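The values are calculated or read from the model by the stated rules, or taken from the named source; none is laboratory data. In this text the structure is predicted, and so the values were computed from the model without any measurement. Heads up, the Cβs are rebuilt from the backbone with ideal geometry, glycines too, and the neighbour counts pull from every protein chain shown.
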Amino acid sequence: MKTYACIIVDDETLAQELVETHLAKIPNVEIAAKCHTAMEAMSILNEQEIDIMFLDIEMPDLTGLELLKSLNNPPYTILTTAYSEYALESYELNVVDYLLKPVRFDRFFKAISKVLDLLKTKQMEQNKNDQDLRTKEDYIFVKSDYKAVKIRFDNIVYVESMQKYVKFHLADKTIVSLMSLTSLLEILPSHKFFKCQKSFIVNLEKIEGIEGNQLIMASKTKVPVSKTLKADLIQLIDKNQLL
């Protein structure tokens, strides 16, 4: 489970402690800093990547709303304040929620749940964008024998795990590189490659046939396929539903 960093910005220590008590019940959020002024918060935001901010409005020197207006890319923000009259202005600044002090846990939980849903959606979109970018690429560089070697995806027949190493079985040669099969699977385009067994990844376009629980590859090599994954593999390669 991904952990998100947050800061609490409030000039009242008791108010900070109440938010901290509530946060202790939320497993995937950790407090990166507690600030008594907006200027302290600005310093933290410039130095660290913060996902969530609990922000008071009435503070000395610079108010919470003034801080928000000064930030180009603020974290998801939940306002915690004793004053209800700022609600309209705060929502114009795209805050996620507006909590009145003293903050009850039921309202706090509702607000933090909204933020976590937004963060989850943001992460899913980022993962999709990363995958789309990898899909457009048609090669990777790996380190082998103390040099960088270019491997084109279309030239890979299958990949075999060898403890801390992986062996790329290409159409014309093999290349061994220090990396894990799991990390490689995150790089390879998912529409072209399939992990058919705990130690093997195959290029779907290089599968010539299936014989029992073995895949016959373009190199005439036979690669094992897990019984539990065989149905998923057939669904991917059998576009006309003939098998």
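Please count how many residues of region 1-45 are acidic (Asp, Glu), touching a residue at least 40 places away in the same chain (Cβ under 8 Å) and surrounded by fewer than 20 Cβ atoms within 10 Å (Cβ to Cβ).
Residues that pass the stated criteria total 2.
Read through the list (1) charged (D, E, K, R); (2) over 21 Å from Leu68 (Cα atoms); (3) out of contact with any helix residue (DSSP H, G or I) (no Cβ under 8 Å at 6 or more places or on another chain), then give the number of the only condition that Lys25 fails.
(3)
State the number of residues belonging to region 167-186 that are over 20 Å from Ile216 (Cα atoms) and of a type outside the set (Ser, Thr, Tyr).
Restricting attention to region 167-186, the residues satisfying the condition of being over 20 Å from Ile216 (Cα atoms) are 175-186.
Still in the list and also of a type outside the set (Ser, Thr, Tyr): 175-176, 178-179, 181, 184-186.
Final tally of qualifying residues: 8.
Pick from Ile112, Ile156, Ile50: which is at pLDDT 90 or above, within 30 Å of Phe168 (Cα to Cα) and touching a strand residue (DSSP E or B) at 6+ places or on another chain (Cβ under 8 Å)?
Of Ile112, Ile156, Ile50, the one residue that is at pLDDT 90 or above, within 30 Å of Phe168 (Cα to Cα) and touching a strand residue (DSSP E or B) at 6+ places or on another chain (Cβ under 8 Å) is Ile156.
For Phe108, which of the numbered conditions (1) surrounded by 14 or more Cβ atoms within 10 Å (Cβ to Cβ); (2) not in a helix (DSSP H, G or I) fails to hold?
So Phe108 meets the others, but not (2).
Condition first: under 15 Å from Val9 (Cβ atoms), part of a loop (DSSP other than H, G, I, E, B) and at pLDDT below 90. Now tell me which residues in region 84-105 satisfy that.
Within region 84-105, just Leu93 meets the criteria.
Check Leu67, Leu23 and return the single one that is modelled with pLDDT under 95 and under 29 Å from the mean Cα position of the chain (by Cα).
Step by step, each of Leu67, Leu23 is checked, and only Leu67 is modelled with pLDDT under 95 and under 29 Å from the mean Cα position of the chain (by Cα).
Every residue in region 46-86 that is hydrophobic (A, V, I, L, M, F, W, C) and in contact (Cβ under 8 Å) with a residue 60 or more places away in the chain, please.
First, the residues of region 46-86 that are hydrophobic (A, V, I, L, M, F, W, C): 50, 52-55, 57, 59, 62, 65, 67-68, 71, 78-79, 82.
Listed by number, the list holds a single entry, Ile52.
Suppose we keep only residues that are touching an Asp or Glu at 6+ places or on another chain (Cβ under 7 Å) and surrounded by 15 or more Cβ atoms within 10 Å (Cβ to Cβ) within region 80-105. Which one would you say is nearest to Glu20 (Cα to Cα)?
Thr80
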